Amino acid sequence: MGEVIVITSGKGGVGKTTTTANLGTGLAINGKKVVLIDADIGLRNLDLVMGLENRIVYDLVDVVEENCRLRQALIKDKRFDNLYLLPAAQTRDKDAVSPDQMKKLCVELKKDFDYILIDCPAGIEQGFKNAISGADWAVIVTTPEVSAVRDADRIIGLLEAAEIRNPKLVVNRIKLNLVAQKDMMNINDMIDILAIELLGVVPDDEKIVISTNRGEPAILDEISLSSKSYKNIVRRILGEDVPLMPMEAETTFFGKLKKLIGLGS
Amino acid sequence: MLDIFSKLFQKDTNSKDVAKERLRLVLIHDRANMSPELLQSLKEDLITVINKYLEVDQEALEVNLSNVDDSVALVANIPIVQVKRSL
């Protein structure tokens with residue numbers, strides 16, 4: 001029986017789609033059978049980030065409206081046989097799917113897949129409600145900015161109201177130099193404010209821009225810092241106890257991270 | 001005067017601390033689901049009730065939500081001008 005994880009944030013542009021693509025690819029690297037669902041109907045993007053935009057025939061709305069069979073709409077990844085994408089419809093709107101339909105779809109997919117990752121649209125309206133309806137648990141993506149953290153807090157409240165307990169936090173795009181000079185909130189600050197469990201930290205990395213340009217998830221890159229962070233998060237999702245990067249003091253945190261990429265002593 | 005003095009010698013607060021403090025305050029309101037309008041209306045009702053017993057300085061009256069030991073408290077600061085005798 002598979003596990004349904006929704007990747008959500010409230011605020012747009014914090015990296016939900018990139019996170020979904022990388023965690024999904026990472027789980028597939030580990031031999032798990034994975035399907036990624038793009039729940040952002042009308043603003044489809046997960047296909048582009050995965051480099052699968054030219055293979056779309058059917059989409060999520062076709063599946064729920066029974067214009068095709070579920071199997072026909074699943075796009076097999078270029079690199080991994082055990083990774084699939086169910087793309088969003090581009091020319092429909094969020095009301096084209098209902099929470100009940102999403103729930104049914106998730107139940108169906110759980111029979112065949114180990115992990116179902118849902119890329120949630122920004123906002124807290126219908127699209128959000130659809131995306132979370134079939135989820136077993138949630139990953140909340142945020143960046144160390146006041147607006148993103150505030151929205152993340154709101155999402156935590158809404159998830160709780162929907163009885164999706166224990167969401168886990170991914171702090172994305174942390175800028176180590178700014179944290180070191182105390183001009184960006186550190187991990188402890190974020191955990192302190194949001195009071196949820198930390199799943200991982202992804203530093204701001206130019207590699208992400210390049211990998212998105214190419215449609216190849218950054219986790220496939222062996223050496224980049226973001227790739228390492230994503231791999232750690234994947235291992236934690238798989239139940240491994242991977243120690244978090246040190247967070248006692250910002251300077252230590254910075255130093256250790258530098259060491260990780262081979263810059264420091 | 002003391003204020004200027006301490007400002008002169010104090011290092012500028014880190015911007016991340018400013019961010020954290022602002023977030024903390026705004027989240028208290030978000031979580032309590034209490035808008036500034038609601039707080040204003042609560043303030044007006046409080047004045048009406050208290051005015052029955054005390055004469056208070058309405059201009060200086062402050063009502064705010066604040067964070068006390070991990071819980072949210074409603075804190076009111078109500079300067080009294082005069083206690084009414086005739087009640």
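Things worth noting here:
- Built amide H within the under 5 Å cut-off of A:Val202, gap 5+: A:Val171, A:Asn172, A:Arg173, A:Ile174
- Using R0 = 25 Å, the C-beta based FRET efficiency linking B:Ala76 and A:Ile124 works out to 0.20.
- With the charge dipole of the range A:3-260 set up from +1 on Lys and Arg Cβ and -1 on Asp and Glu Cβ about the Cα centre, the Cα lying farthest toward the positive end among the listed residues A:Ala218, A:Ala152, A:Phe113 is that of A:Ala218.
- For the residues of A:180-188, the average number of beta carbons from a partner chain within 10 Å of their own beta carbon is 3.
- Sequence-distant aspartates and glutamates (8 or more away, or on other chains) whose Cα lies within less than 18 Å of A:Lys111: A:Glu3, A:Asp81, A:Asp100, A:Asp136
- Ratio of Rg to Rh for the range B:35-87: 1.05 [Cα atoms; Kirkwood radius as inverse mean 1/r over pairs].
- Extent along principal axes [Cα atoms of the range A:164-220; Å; largest to smallest]: 37, 36, 13
- Of A:Arg71, A:Arg44, the order by accessible heavy-atom surface (1.4 Å probe, DNA, RNA and ligands excluded), from most exposed downward, is A:Arg71, A:Arg44.
- For the cross-link pairs A:Lys76/A:Lys104; A:Lys231/B:Lys16; A:Lys16/A:Lys168; A:Lys182/B:Lys20, the ones whose C-alpha atoms lie over 20 Å apart are A:Lys76/A:Lys104; A:Lys231/B:Lys16.
- For A:Leu70, solvent-accessible area (1.4 Å; no DNA, RNA or ligand), Å²: 40 Å²
- The mean number of partner chain beta-carbon atoms within 10 angstrom of a residue's beta-carbon across peptide B:18-27 is 5.
- Over the range A:3-260, the reciprocal of the mean inverse Cα-Cα separation, the Kirkwood hydrodynamic radius, stands at 18.3 Å.
- Helix A:16-29 and the long axis of chain A differ in direction by around 90°, with both axes built from C-alpha atoms.
- Alpha carbon centroid spacing (whole Å) that separates the range A:110-177 from the range A:1-76: 15 Å
- Charge dipole magnitude, Cβ of K and R +1, D and E -1 - the range A:3-260, Cα centre, debye nearest 20: 520 debye
- Near the amide H of A:Glu3, within less than 5 Å, lie the amide hydrogens of A:Tyr115, A:Ile116, all on another chain or at least 5 residues away, with H placed in the peptide plane.
- In chain A, helices alone account for a calculated mean residue ellipticity at 222 nm of -12000 deg cm²/dmol, with every DSSP H run of four or more residues adding -39,500 (n - 2.57).
- With DNA, RNA and ligands ignored, accessible area of B:Ser66 (1.4 Å probe; Å², nearest 10): 40 Å²
- Probe 1.4 Å, all protein chains present, accessible-area order of A:Phe113, A:Phe80, largest first: A:Phe80, A:Phe113
The values are calculated or read from the model by the stated rules, or taken from the named source; none is laboratory data. Everything numeric here is computed off the predicted structure, so don't read it as measured data. All Cβ positions, even for glycine, are placed from backbone atoms using ideal geometry, and neighbour counts span all protein chains on display. Please note that ligands, DNA and RNA were not included when accessible areas were found on the heavy atoms of the full protein model with its side chains. Shrake-Rupley method; radii C 1.70, N 1.55, O 1.52, S 1.80 Å.
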